[in-house]
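Okay, structure first, notes after.
Values in this text are rule-based calculations from the coordinates and carry no lab data. Fair warning: this is a prediction, and the values are worked out from it, not measured in the lab. Backbone-built Cβ (ideal geometry, glycine too); neighbour counts: all protein chains shown.
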Amino acid sequence: MVDTPVTQDMLEGFTTESRNESSMDIDSRSTTEILRIINAEDKRVPFAVEQAIDRIGALVDDVVAAFKKGGRLFYIGAGTSGRLGVLDASECPPTFGVSPKMVQGLIAGGNDALVRSIEGAEDDSEAGVLELKRVGFTAIDILVGITASGQAPYVLGAMAWARELGAVVAAISCNRNSKTFDFAKHSIFLDVGPEVVTGSTRMKAGTAQKLTLNMVTTTAMIRIGKVYRNLMVDLTPVNRKLIERSKRLIQQATSCSREEAAKAYEASGQKPKVAIIMVLLGVNRAEAERLDRLGGGPISAALKVHEEERRTAGG
């Protein structure tokens, strides 16, 4: 059942509702002391994420496989967790040059919940299912439920429905007893411990979730060729800063001059990745795009295709 109401007895067993011994008298501390307590607790977050690396990696491998067959990645959550999912999804198109449909974030209460609290929205399990149907979620897509305590019916209902559909379902939660884990192939428990302010999961829990989402999408995008060495070569240059960054990326990837990078940027149709292939191989835009297609995404693969074609032609 996904609509079981949360009782006080249940809250007693939630990691996210426990009281933090380090902050018991925080209200009587000075500003600097309060900040030091918060900072000390925040330092625990990366270590909690580190403990979940293997599980995060298994999820990433499934995301990569889904992307390669045309599937999409969906985050679903409520409150802070939902906002973090929407944020991570919204940053993928400009950073990696992908379609806004490739990674999507769904939040209980819809867009209004991004700027104001609509807490009651998370209690409707059917709403999560309807939202997945609205976006045309299919069995080749992946759903990641994000929730600090792991009890939101909106998230649970969507996860249960997606699993019945045959899709890969994952859960990210900071509560060891998270109900989301009952519906997930990939259960990612981020053990950040009690919050500095009891129950305020926008703090350590939110930070851990944000770190994890960064890792999921960034690693998946690297795996499908959106990064060359450590350069984000497939970004979409939508403003002056990103245009100049694109030209600099071309320079960094090829060791060409600033003038050569600017010329290649324009000749490539303002596509940094294509421009890099053009400069590295001394080919025109059409040839660079052909090699990119044959390579399947990574610049290194395009370079390998070119080398193999040259070897074959020469042999």
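Hey, what angle do you get for helix 272-281 against the long axis of the chain, alpha-carbon based, 0 to 90 degrees rounded to 10?
40 degrees
Semi-axes of the stretch 117-231's equivalent ellipsoid from the Cα gyration tensor, sqrt of 5 times each eigenvalue, largest first, rounded to whole Å?
Details: eigenvalues 107, 94, 31 Å².
They are 23, 22, 12 Å, listed largest first.
Pulled fully out, how much extra length does the chain show between Arg19 and Asn284, if you take 0.36 nm times their separation in residues and subtract their Cα-Cα distance?
Values: separation 265, 0.36 × 265 = 95.40 nm, distance 6.28 nm.
Stretched out fully, the Arg19 to Asn284 stretch lengthens by 89.1 nm.
Check each of the trypsin sites (Lys or Arg not before Pro) in the stretch 142-239 and keep only those in coil by DSSP with at most 13 other C-beta atoms within 10 angstrom; list them in order. If you can, show how the numbers build up before the last one.
Values: sites: Arg163, Arg176, Lys179, Lys185, Arg202, Lys204, Lys210, Arg223, Lys226, Arg229; in loops: Arg176, Lys185, Arg202, Lys226, Arg229.
Listed in order of number, the matching sites are Arg176, Arg229.
Put a dot 7 Å past each Cα toward the Cβ at Lys133 and Thr312; how far apart are the dots in nm?
4.9 nm
Ranked from highest to lowest mean number of other Cβ atoms within 10 Å per residue, what is the order of the peptides 30-40, 100-110, 15-25? If you can, show how the numbers build up before the last one.
Values: 30-40: 11.8, 100-110: 20.5, 15-25: 15.5.
Answer by packing, highest mean first, reads 100-110, 15-25, 30-40.
Can you check what the net charge comes to around Ile38, using other residues whose Cβ is under 15 Å from the Cβ of Ile38 (Lys, Arg +1; Asp, Glu -1)?
Numbers: positive: Arg29, Arg36, Lys43, Arg44, Arg202, Lys204; negative: Glu21, Asp25, Asp27, Glu33, Glu41, Asp42, Glu195.
So the surrounding residues net to -1.
Let me know the shape class of the stretch 97-166, please: from the alpha-carbon gyration tensor, a ≥ b ≥ c as square roots of the eigenvalues, rounded when a/c is under 1.5, otherwise prolate if a/b is greater than b/c, or oblate.
The shape class here is oblate.
Under the definition of Cα pairs under 8 Å and six or more residues apart, what whole-number percent is the relative contact order of the chain?
Over the chain, the number comes to 18 percent.
Rounded to the nearest 0.05, what FRET efficiency do Ser300 and Arg248 have when you use their Cβ-Cβ distance and R0 = 30 Å?
0.90
So which aspartates and glutamates can Lys263 reach, going by Cα to Cα under 19 Å and dropping same-chain residues fewer than 8 places off?
Here the aspartates and glutamates satisfying the reach criterion relative to Lys263 are Asp234, Glu244, Glu287, Glu289.
Name the shape class, rounded, prolate or oblate, that the alpha-carbon gyration tensor gives for the stretch 39-168, where a ≥ b ≥ c are the square roots of its eigenvalues, rounded holds for a/c under 1.5, and otherwise prolate holds if a/b is larger than b/c and oblate otherwise. The partial results should precede the final answer.
Working: a/c = 1.37, a/b = 1.04, b/c = 1.33.
Rounded.
Taking H as built 1.01 Å from N, whose amide H comes closer than 5 Å to the amide H of Gln104, not counting residues under 5 places away?
The list, which skips near neighbours in sequence, is Leu73, Phe74, Tyr75.
Around Glu309, what is the net charge, scoring Lys/Arg as +1 and Asp/Glu as -1 over all other residues with Cβ under 14 Å from its Cβ? Write out the running numbers ahead of the final one.
Numbers: positive: Arg290, Arg293, Lys304, Arg310, Arg311; negative: Glu287, Asp292, Glu307, Glu308.
After counting each charged neighbour, the total is +1.
Residue by residue, what Karplus-based ³J(HN,Hα) values in Hz, rounded to whole numbers, does the stretch 223-240 have, using 6.51, -1.76 and 1.60 with θ = phi - 60° and x for Gly and Pro?
Couplings: 5, 9, x, 7, 10, 10, 6, 10, 9, 7, 7, 10, 5, 9, x, 9, 8, 4 Hz.
Once R0 is set to 30 Å, what does the formula 1/(1 + (r/R0)^6) return for the Cβ-Cβ distance between Asp112 and Glu91, expressed as a FRET efficiency to the nearest 0.05?
Working: r = 21 Å, r/R0 = 0.69.
So, using R0 = 30 Å, E works out to roughly 0.90.
Considering the zone a paramagnetic label at Lys43 would reach in this model (a point 7 Å from Cα along the Cα-to-Cβ line), which residues of the stretch 171-207 have amide N under 20 Å from it?
Flagged as within label range: 191-197, 203-207.
Starting from the eigenvalues of the Cα gyration tensor, five times each then square-rooted, give me the equivalent ellipsoid semi-axes of the stretch 81-123, largest first, whole Å.
On the way: eigenvalues 107, 15, 10 Å².
Semi-axis lengths for the stretch 81-123 are 23, 9, 7 Å.
Any idea what the dipole of the chain comes to, in debye rounded to 20, about its Cα centre with Lys/Arg Cβ at +1 and Asp/Glu Cβ at -1? All intermediate terms of the calculation are to be shown ahead of the outcome.
Values: 39 positive and 39 negative charges, 342 e Å.
That gives the chain a dipole magnitude of about 1640 debye.
Which of Ile222, Leu132, Gly145 sits closest to the plus end of the dipole of the stretch 8-223, meaning its Cα is farthest towards the positive end, when Lys and Arg get +1 and Asp and Glu get -1 on the C-beta?
It is Ile222.
Considering only Thr201, Val274, Val155, whose Cα is most displaced toward the positive end of the charge dipole of the chain, charges sitting on Cβ of Lys, Arg (+1) and Asp, Glu (-1)?
Comparing the listed Cα positions along the dipole, Val274 ranks first.
In the neighborhood of Ala267, defined by Cβ-to-Cβ distances under 11 Å, what is the net charge if each Lys or Arg adds +1 and each Asp or Glu adds -1?
Numbers: positive: Lys263, Lys271, Arg285; negative: Glu260, Glu266.
That works out to +1.
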